[in-house]
Amino acid sequence: MRIDKLHLTNFRRFKEHSMKLAPQFNLIVGDNTSGKTAILDALSIAASAVVAGRRPEISSSRSIKDSDVRQQSFLHVRTVTWEPQFPCIVSCNGEINGEQGGWEFARDSEGKMNSRGAQWAKDKINAVRKHVMEGGSDPLPLVCYYGTERLWRQTNIKSTRDYMTKSRLIGYKQCLNPASDETLILEWFRDQEFASLQRKVEIPLLEACRRAISTCIRNCKHVYFDAVQKQMVMIVEDTALPLTFFSDGYRNMLSMVADIAIRCVTLNPQLGSEAALETSGVVLIDELDLHLHPKWQREVIPDLMSAFPRIQFIATTHSPFVIQSLPPTPEVQLVNLDDQLNQSIENKSIEDIAEEIQGVEIPQQSRRFLDMMEKAQEYFSMLQDDSIATASDKDAVRDELEKTMMPYSDNPAYQALLRMHEIAVESLLDSDKMSLSDSIFQKLMDGDISDDFNKRDQDDEEEEGGTELTGGTP
């Protein structure tokens with residue numbers, strides 16, 4: 001299964017929106033409120049055509065909700081009203097079981113759900129399901145959605161016995177629920193480990209899951225269910241620790257990768273140890289970088305592509321490290337909701353990506369540094385104001401200067417240089433003020449404040465034996 005194109009009408013913030021999707025990895029970026037999660041939710045609605053069915057215990061359908069319908073504001077005198085806009089439509093084109101087709105779901109003003117072409121998608125997957133229920137070995141596509149709440153919000157699945165004893169279709173159970181379930185993973189590993197011990201053979205499906213986890217957690221040497229501690233244990237480098245001892249980053253990645261792998265081997269046990277490598281499908285991940293260290297963020301996309309090479313991933317992120325890690329291949333693309341031109345990121349630095357792709361102003365400098373430069377410019381402008389003539393005017397300006405400098409009182413070099421400039425301005429003619437301000441402001445921007453200040457400080461100490469005053473670079 002693969003989704004090649006998505007079109008939205010009156011869905012969430014989108015009046016009309018279309019996007020093409022790459023076959024292996026799609027990374028969606030954009031500012032907050034740009035609609036990244038809305039696109040994933042729309043894709044989950046589109047994917048529900050594959051996983052919806054008559055069996056409620058495994059069905060995982062997702063319909064268009066009231067909150068999905070776009071709201072339009074209208075001004076009436078001094079009152080603003082919000083009206084839902086219809087029809088609300090999610091349509092897509094893609095491939096199911098080797099055949100191309102399109103399908104859509106729509107909701108009208110009466111609240112009725114309509115579908116067009118969705119029966120084609122359902123018929124394609126139902127044909128496979130029929131063969132599966134007759135004992136056939138037809139491959140089933142994977143569909144999964146992992147939301148931002150996947151670590152702290154757990155699903156209400158009480159037991160994983162279904163995964164051990166019932167239909168292959170159990171692999172679709174709760175698959176579009178954006179929450180997660182560590183209990184499911186723990187019980188699955190426990191039952192597989194016990195089955196391996198009882199039969200005294202290696203279970204290929206269990207080894208497929210372990211291999212996927214080791215691929216995505218590079219320093220993981222082994223993961224297993226510990227019968228004594230009754231929990232998952234992971235050996236990282238040379239240390240074995242229970243899963244509960246690990247950071248949120250490790251738990252998040254292990255839970256997600258293990259869940260994908262377990263569903264792969266459940267849907268396609270006929271593939272044995274190659275189930276994770278050979279299963280196709282669509283996986284949606286919101287905030288791929290969730291809880292991950294920057295070093296890990298640079299590895300997560302290549303690792304997922306290596307562990308599940310036939311899966312189409314569609315993920316969102318705010319991390320420039322994740323963006324930078326996208327491999328420059330036709331099977332992968334960056335979708336920037338803030339810029340429809342979607343610039344190339346090949347060979348770009350983190351600073352270039354933050355500035356050009358994500359719109360961060362001068363990412364090489366901290367926000368505090370930029371604020372200091374802005375306040376310094378205000379400071380110089382007030383000193384050069386020719387309208388300041390009387391003593392009371394000067395006192396008022398001095399009070400303003402004190403307020404301006406107060407937030408940065410912890411930086412003595414910055415404070416001292418501004419004081420030096422204030423004294424110097426008072427001793428110069430008006431015609432020289434501008435050149436002095438320009439010179440010192442340029443030094444501020446070049447980061448030379450502390451160099452000048454420390455040099456002057458050392459000279460004073462040599463001549464007068466004064467006490468050294470040190471200052472940090474802003």
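The values are calculated or read from the model by the stated rules, or taken from the named source; none is laboratory data. Quick caveat: nothing in here was measured; it's all calculated off a predicted structure. Heads up, the Cβs are rebuilt from the backbone with ideal geometry, glycines too, and the neighbour counts pull from every protein chain shown. Note: areas computed on protein heavy atoms with side chains; ligands, DNA, RNA excluded. Shrake-Rupley method; radii C 1.70, N 1.55, O 1.52, S 1.80 Å.
Numerical summary
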quantity: Portion, in percent, of the accessible area of the stretch 224-317 that falls on carbon or sulfur, probe 1.4 Å; calculated: 51
quantity: Out-of-range pairs (alpha-carbon distance over 18 Å; input K65/K122; K20/K112; K112/K173; K15/K65; K130/K166); calculated: K65/K122; K20/K112; K112/K173
quantity: Highest to lowest packing among 257-267, 40-50, scored as the average C-beta count within 10 Å; calculated: 257-267, 40-50
quantity: Ordering of 193-203, 98-108 by burial proxy (mean other Cβ atoms within 10 Å per residue, highest first); calculated: 98-108, 193-203
quantity: W188, W82, reordered so the largest accessible area comes first (probe 1.4 Å); calculated: W82, W188
quantity: Cα-based Rg and Dmax for the stretch 158-264, where Dmax is the largest Cα-Cα distance (Å); calculated: 13.3, 39
quantity: Protein accessible area in the stretch 1-149, 1.4 Å probe - carbon and sulfur %; calculated: 47
quantity: Added length on full extension, which subtracts the Cα-Cα distance from 0.36 nm per residue, H293 to T239; calculated: 17.5 nm
quantity: Surface/4 estimate of mean projected area, convex hull on alpha-carbon atoms of the stretch 233-338, nm²; calculated: 7.8
